[in-house]
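**Q** The structure that follows is given in the form of structure tokens.
The values are calculated or read from the model by the stated rules, or taken from the named source; none is laboratory data. Just so it is clear, the model here is predicted, and its values are computed rather than measured. Heads up, the Cβs are rebuilt from the backbone with ideal geometry, glycines too, and the neighbour counts pull from every protein chain shown. Each accessible area value is taken on the protein alone, full model and side chains, heavy atoms only, with ligands, DNA and RNA left out. Shrake-Rupley method; radii C 1.70, N 1.55, O 1.52, S 1.80 Å.
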Amino acid sequence: MNSTILNYIQNNKDSIFNEWLDATKENADERVTKVVSDQVFIGTSREFIDLIISNIKSSNEEFTSKLSDFSEKIVRLGWPLSFVTKGLQTFGKIVFEDMQETGIVTQENQMKVIYEFDSWMTPMVNEVVNMYSSTWERTVSLQKIALQELSAPLIPVFEGITVMPLVGTIDTERAKQIMENLLNGVVKHRSEVVLIDITGVPVVDTMVAHHIIQAADAVRLVGAKCMLVGIRPEIAQTIVNLGIDLNQFTTKNTLKKGVEAALELTSRKIVNVEGVE
Amino acid sequence: MENQSCVKIINEWDIVAARQLGRNVAKELGFGTVDQARITTAISELARNIYLYAGQGQVCIEKIYDGGKAGLRIVAVDSGPGINDLRQVMEDGFSTSGGLGAGLPGVKRLMDEFLIDSNPGTGTDIKATKWLR
Ligand SMILES: Nc1ncnc2c1ncn2[C@@H]1O[C@H](COP(=O)(O)OP(=O)(O)OP(=O)(O)O)[C@@H](O)[C@H]1O
Ligand SMILES: [Mg+2]
């Protein structure tokens, strides 16, 4: 890095920062200004500028580790990537124009300065973009795993009775998992009755219905009985409108009624006890 | 235009986006929970058919007004392979994909009006309307 540029930035850090802050705030989209307070915005922006400046001073490894910390923080704050890359551009533009005004950049050395600026900025932009995308990739893959773990749990509630509560949208991937977990679980827990609870499924269309019917058929093949519970009134209506026949199922509108029916099927019931010490 | 918004259907999750859009518009118009469920389910069927049979297309949700009546119209358009025999696909149980074959006849029953226009080679255009009462 050219020492004139370096010196200029260090000596005029505050005025550059203020100019940069004004320009940036004007351009910051709602996503940024809405989610963070003024204080956080200014604090983080200062950190951002300090970081840019430290790139000039510190060693490569030091900068990379600082940049990675900063990127993580920004991602957590929910700042868009475009905002950060734009911020870098604006920073470069301000420094360059100020240096032109004060006569440090002249007609003669202009090309040389631009070239140096570029070789300083480009790796930094690349680094930020890389940091962002790897943070996202990690987040997405973690969420995917978390979602898979959540997607179709099978819970034994009584001897021979298990419940599969389904919450959220069912896509092809999840439908496969439901089937797998059901069959494995039924065998593992020696279930006689399996209750599939769809209280938390927002839309039951023909695909979802088809998968549930197939799952129930499969459960029957391994020797257990399948019950469909948690059918909200509006879902019951749409199922009827679609013309889907659920007669082969025992259906109950609540999980509670389902469990009672399952107990009855396995010749048991819940009773109140009196006089227990 | 304020009264129409669209979702491109390219992958499976776009179906969820289309449903969400439809549910929001239905709520805005004042449809009750049962009709909201009918509308979202109809959108789900049409969007999934696009995804499955045409590969890609578009689902638009329109607010429509006729005299004193307000309604919601789903417009599902694709330029996929189209449908040969319209009468056949409207029969309960007809499916070329091993499905239940309940989607299209189901949408017709879920909604108040149903229009299908399809030609082999040029694609499919379906309009389904629900009136607020
Ligand atoms: N957009 C489309 N383009 C081309 N063919 C279509 C389209 N939509 C439906 N079809 C054809 O019409 C048939 C019937 O569709 P319908 O939605 O009623 O049943 P399905 O999709 O086969 O099963 P499901 O009950 O799961 O919806 C489909 O199998 C398919 O061959
Ligand atoms: Mg279908």
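**Q** Can you tell me which residue within region B:68-83, out of those that are more than 15 Å from B:TYR51 (Cβ to Cβ) and open to solvent by 80 Å² or more (accessible area, probe 1.4 Å), is modelled with the lowest pLDDT?
**A** Looking at residues that are more than 15 Å from B:TYR51 (Cβ to Cβ) and open to solvent by 80 Å² or more (accessible area, probe 1.4 Å), I get B:GLY68.
Let's see how each residue does on (1) touching a residue at least 60 places away in the same chain (Cβ under 8 Å); (2) out of contact with any Gly (no Cβ under 8 Å at 6 or more places or on another chain); (3) closer than 30 Å to B:ARG23 by Cα:
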| position | (1), (2), (3) |
| --- | --- |
| A:THR135 | yes, yes, no |
| A:SER141 | no, yes, yes |
| A:ALA152 | no, yes, yes |
| A:VAL157 | yes, yes, no |
| A:VAL167 | no, no, yes |
| A:ILE178 | no, yes, yes |
| A:VAL193 | yes, no, no |
| A:ARG220 | no, yes, no |
| A:LYS225 | no, yes, no |
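Results for (1) within 13 Å of the chain's Cα centre (by Cα); (2) within 14 Å of chain A (Cβ to nearest Cβ); (3) not basic (Lys, Arg), shown as yes or no for each residue.
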| residue | (1), (2), (3) |
| --- | --- |
| B:ASP14 | no, yes, yes |
| B:ASN24 | no, yes, yes |
| B:ILE43 | yes, yes, yes |
| B:GLN58 | yes, no, yes |
| B:GLU62 | yes, no, yes |
| B:MET90 | no, yes, yes |
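**Q** Only one of (1) within 14 Å of another protein chain (Cβ to nearest Cβ); (2) part of a loop (DSSP other than H, G, I, E, B); (3) among the aliphatic types (A, V, I, L, M) fails for B:LEU104. Which number is that?
**A** All conditions pass for B:LEU104, except number (2).
**Q** Report yes if B:ALA37 is more than 15 Å from ligand 1 (Cβ to nearest atom), open to solvent by 20 Å² or more (accessible area, probe 1.4 Å) and at pLDDT 95 or above, otherwise no.
**A** no
**Q** Continuing with the same structure: Write out, first by first residue and then by second, each pair whose Cβ atoms fall under 9 Å of each other, whose residues are 6+ apart or on separate chains, and whose first residue, in region A:196-216, is more than 11 Å from every other protein chain (Cβ to nearest Cβ) while the second is of a type in the set (Lys, Arg) and not in a strand (DSSP E or B).
**A** A:ILE198/A:ARG232; A:THR199/A:ARG232
**Q** Considering region B:39-64 alone, what residues qualify as being in contact (Cβ under 8 Å) with a residue 60 or more places away in the chain and more than 10 Å from ligand 2 (Cβ to nearest atom)?
**A** Listed by number, the residues that qualify are B:ILE39, B:THR41, B:ALA42, B:ALA54, B:GLY57, B:LYS63, B:ILE64.
**Q** Then there's this: Among the residues of region B:89-118, write down those that are open to solvent by 70 Å² or more (accessible area, probe 1.4 Å), more than 6 Å from ligand 1 (Cβ to nearest atom) and either among the hydrophobic types (A, V, I, L, M, F, W, C) or over 19 Å from B:LYS130 (Cα atoms) (or both).
**A** Matches in region B:89-118: B:GLU91, B:ASP92, B:LEU115.
**Q** For region B:51-101, what are the residues that are under 23 Å from A:ASP171 (Cα atoms) and hydroxyl-bearing (Ser, Thr, Tyr)?
**A** Of everything in region B:51-101, those that are under 23 Å from A:ASP171 (Cα atoms) and hydroxyl-bearing (Ser, Thr, Tyr) turn out to be B:TYR51, B:TYR53, B:SER95, B:THR96, B:SER97.
**Q** Mind checking which pairs have a first residue in region B:72-90 that is at positive phi and a second that is within 14 Å of ligand 2 (Cβ to nearest atom), Cβ under 8 Å, 6 or more apart or different chains?
**A** Going by the 8 Å Cβ cut-off, the qualifying pairs are B:GLY82/B:SER118; B:GLY82/B:THR124.
**Q** Residues A:VAL163, A:VAL129, A:VAL113: which one is free of Cβ contacts under 8 Å to residues at least 60 places away in the same chain and surrounded by 13 or more Cβ atoms within 10 Å (Cβ to Cβ)?
**A** Testing whether each residue is free of Cβ contacts under 8 Å to residues at least 60 places away in the same chain and surrounded by 13 or more Cβ atoms within 10 Å (Cβ to Cβ) leaves just A:VAL129.
**Q** Do you know which residues across region A:80-97 are within 21 Å of A:LEU6 (Cα to Cα) and not charged (D, E, K, R)?
**A** A:THR85, A:GLY87, A:LEU88, A:GLN89, A:THR90, A:PHE91, A:GLY92, A:ILE94, A:VAL95, A:PHE96
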